[in-house]
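Values in this text are rule-based calculations from the coordinates and carry no lab data. If you're wondering where the values come from, they're calculated on a predicted model, not measured in any experiment. Neighbour counts run over all protein chains shown; Cβ positions are idealised from the backbone, glycine included.
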Amino acid sequence: MRRTSRPLLGLGLAGLFLWLILRQVDSDEMLRILGGARPDWTALAIAAFFCGYACRIERWRLLLCHDNPTLRWRHCAGPLLASVAANNVLPFRLGDLLRLFGFNARLGIGTTTAFASLFQERLLDLLVLLIILGVLPVALGLDISRLMGAGTAVFLAGASLILGLLLRPTAIHPPVKIFVSFVTRWHASLGQRLDRESARVFTLLTQSAQPRLALRLLMWSMLAWLIEGLVFYCCALALPAITQPAAAWLALPLGTLATLLPSSPGYLGTFDYFTAWALSSAGNTATASATYAFFVHAILWGPVTLAGGCYVIARPVGVSARRQGNAP
């Protein structure tokens, strides 16, 4: 029951949000808008997309270098793209599990390091998205509190909390210790293992909080999301029906944060609804906004799924690899 409830909830929400989008649009008009997409801006959006992922790959490499200092960018590129591709086509966010266990031997890292890197990436991404939500609506002249029920101060306060956690990860050590103690009373060997692994995770998090490395991680995160914002913006410029293309910068954080909701593989429905909502809130028509949402979703989904899939076909998961970081 528990195994099936989440995917059923995800499919239900995906269907609901798709219905909410499509019930108010003209399908013939959508096809006409898509047919008029400008190839130059579309190509620029795809190029910017891969530049953004190049930044994400470098950020991941920096997080993994604690276990394997010999890692290079090219070693990390395939595994990261493959894990994102898996999340795009498989349920239960299996791509995250692939990053935790599938490429460790190939990259010469441990599972604890893989887990810590994934945790830090999620925090860094959330930090940047909250900053964008706190700053960009003011620059665009949008009343974000009217749209979301929360003002920019709320998002910036959330960003400050996450930044504090990244710089002082030991702040969450006490509640983790309490949880481990509870598990130990219930199952001694499991509790001892959790205690050892949590200690290693906090060691890695503390090392990543060193000022020089933390600044580099934040820089690559900011750069990655700003470039992804250019993907959203170029897609808006590619569709002449979008009369307020600057709203794409609001669609970036809203659509991305919507992927946290349960949904189908590839975040169909949830991403599209909130992306279209961001565009229509700035004055674009409902049909143009919905068309834009599906268009930018295709740009974000297609290239990485193709690239990651090709990597998995060329280097299947489970193929033996030396733990020396000299991956493909």
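Which of the peptides 43-50, 74-81 is most tightly packed, and how do the rest follow, judged by the mean count of other Cβ atoms within 10 Å per residue?
Per-residue mean Cβ counts within 10 Å order the peptides as 74-81, 43-50.
May I ask you to work out the translational diffusion coefficient for region 63-116 at 37 °C, viscosity 0.692 mPa s, via Stokes-Einstein with Rh from the Kirkwood sum over Cα pairs, reported in whole µm²/s?
291 µm²/s
Give the peptides 116-129, 88-101, 202-215, 289-302 in descending order of average Cβ contacts within 10 Å, highest first.
My ranking of the peptides, most packed first, is 289-302, 116-129, 88-101, 202-215.
Arranged from highest to lowest average of other beta-carbon atoms within 10 Å per residue, in what order do the peptides 222-234, 163-175 appear?
222-234, 163-175
Express in nm, to one decimal, how much length is gained between L9 and T70 on full extension, taking 0.36 nm for each residue of separation and deducting their alpha carbon distance.
That pair, L9 and T70, stretches by 17.7 nm at full extension.
Please give the residues of region 235-252, grouped as numeric ranges, whose backbone N is less than 14 Å from a label point set 7 Å along the Cα-to-Cβ vector of D26.
241
According to the Cα gyration tensor, what semi-axes, each the square root of 5 times an eigenvalue, does the equivalent ellipsoid of the chain have, listed from largest to smallest in whole Å?
The answer is 35, 23, 20 Å, longest axis first.
Remind me, what semi-axes does region 224-325 give for its equivalent ellipsoid, largest first in whole Å, using sqrt of 5 times each Cα gyration tensor eigenvalue?
Working from the Cα gyration tensor, I get semi-axes of 32, 14, 12 Å.
Compute the Cα gyration tensor for region 1-82, then decide on rounded, prolate or oblate, letting a ≥ b ≥ c be the square roots of its eigenvalues: rounded whenever a/c is under 1.5, prolate when a/b is larger than b/c in the other cases, and oblate in all that remain.
oblate
Which value at 222 nm does the chain reach when only helices count, each DSSP H run of 4 or more adding -39,500 (n - 2.57), with the total divided by all residues and rounded to the nearest 500 deg cm²/dmol?
Result for the chain, helices only: -25000 deg cm²/dmol.
Over the chain, what is the relative contact order in percent, taking alpha-carbon pairs closer than 8 angstrom and at least six residues apart?
Normalised by residue count, the contact order of the chain is 35 percent.
Calculated FRET efficiency, V135 and F182, Cβ-Cβ r, R0 45 Å, to nearest 0.05?
Rounded to the nearest 0.05, the efficiency is 0.65.
Rank G308, G35, G266 by mean-square fluctuation in a GNM of the chain with C-alpha springs under 10 angstrom and give only the top-ranked residue.
G35
In whole Hz, what ³J(HN,Hα) sequence does region 82-94 give by Karplus (6.51, -1.76, 1.60; θ = phi - 60°), x for Gly and Pro?
Those phi angles translate into 5, 5, 5, 4, 5, 5, 6, 10, 10, x, 6, 6, 5 Hz.
So how much slack lies between T243 and A199, counting 0.36 nm per residue of separation and subtracting their Cα-Cα distance, in nm?
Extending this stretch completely gives an extra 10.6 nm.
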